[in-house]
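Quick notes on the structure that follows.
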Amino acid sequence: MRCTRHDPFTESSELALDVVSIQALDQASNRSQWVTIPHFLFACAPSSLLQGQYPQAVQGVAGLGHTTVALPIQLASSFGFRPQFSLCLSSPRRKTVGFFRKPSVQVQPRTYNPSNHRCARRVLHTGKISEDQQPNCPFNTFSLNNQGFGGTLISTTTPYTVLEHSVFKTFTEFFANQLTGVPQVEAIPPFGLCFDANILPPTRVGTPNIDFVMQNKNVTWTFLGVDALVRVRPNVSCLAVVDGGSNPGAAITIGAYQLEGNFVHFDLLRSRVGFYRSRLSQLFRCSNFNFTGAHLALEADATAE
């Protein structure tokens, strides 16, 4: 078992016990009811923990790892279902969907891979990044080494995808070469590659898609190229990836912007991660999730630690 070197907690805090009530939804009837967890464990942390890196409205942080005090583990233990959860992130101005039991999700068995399940954050075994089926980044930087460096993380608290410097350099050069006919403009921090937004293709056609190819080469998580660009000024769009330097801890951290519009399912018991690309579908959006008719086929499943 190898975990990453990332540790967001540097201080201890008081462990408390309280009663928690949450709304539970019956998918069959689309009706909700309040349910209670009588002995819910949580930590009392200083308000400074939330300053700087989260929006002002945030009142706390939910742990989604494998520890016994993590939110999905406590819910599963209290109500007797398998520890798992799903997230469907929308844009900041729209609602986000979260499940702590699996909705009606159909999974292709051939896409599953075994994985290590003890790390607190999701670490994917990524083999390479490709753009429109053309590989352009080396494999060895994506693997965890003995010191815990490398690997690919999924992070909802990181705004944009962060790449280790050598990966960032190769990736952005290749993306720029693929996006022909669009002039580059001066980069606007924190981004390193920006374009004239007035010349960008108005549709999905013409902007290279980005594929995260997992160690099991049958598993690919595709991000539409048009969704990899973020408008930072009326006439400037930038590739929404950030240079993480030469020693960021993880070779790749997939950030919240790239996660938007993706239904991501985490099976903590089996240590499997499944993806449904809602932005490719006209029938499903995270912002208007149909709780009674959500029958999703997870198109890719990846090894996760």
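The values are calculated or read from the model by the stated rules, or taken from the named source; none is laboratory data. None of the values given here were measured: they were computed from a predicted structure. For neighbour counting, all protein chains shown are included, and Cβ atoms are generated from backbone atoms with ideal geometry for every residue, glycine included.
Taken over region 172-195, the criterion of being assigned to a loop (DSSP other than H, G, I, E, B) and closer than 18 Å to ASP243 by Cβ is satisfied by GLU186, ALA187, ILE188, PRO189, PRO190, GLY192, LEU193.
Looking at region 44-56, can you tell me whether even one residue there is part of a strand (DSSP E or B) and modelled with pLDDT of 70 or more? Walk me through how you get there before you give the answer.
Of region 44-56, the ones part of a strand (DSSP E or B) are 44.
Then drop every residue that is not modelled with pLDDT of 70 or more, which leaves 44.
Yes: one or more hits.
Residues in region 55-89 that are closer than 20 Å to LEU41 by Cβ and among the small types (Gly, Ala, Ser): GLY60, ALA62, GLY63, GLY65, ALA70, ALA76, SER77, SER78, GLY80.
Any idea which residue in region 247-305 is modelled with the highest pLDDT, counting only those that are within 13 Å of THR222 (Cβ to Cβ) and assigned to a helix (DSSP H, G or I)? Ranking the candidates gives GLN258 first.
Let's see how each residue does on (1) over 30 Å from LEU64 (Cα atoms); (2) at pLDDT 90 or above:
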{"position": "GLU131", "(1), (2)": "yes, no"}
{"position": "GLN147", "(1), (2)": "no, no"}
{"position": "THR158", "(1), (2)": "no, no"}
{"position": "ASN177", "(1), (2)": "yes, no"}
{"position": "LEU200", "(1), (2)": "yes, no"}
{"position": "THR203", "(1), (2)": "yes, no"}
{"position": "LEU229", "(1), (2)": "no, yes"}
{"position": "ARG233", "(1), (2)": "yes, yes"}
{"position": "VAL242", "(1), (2)": "no, yes"}
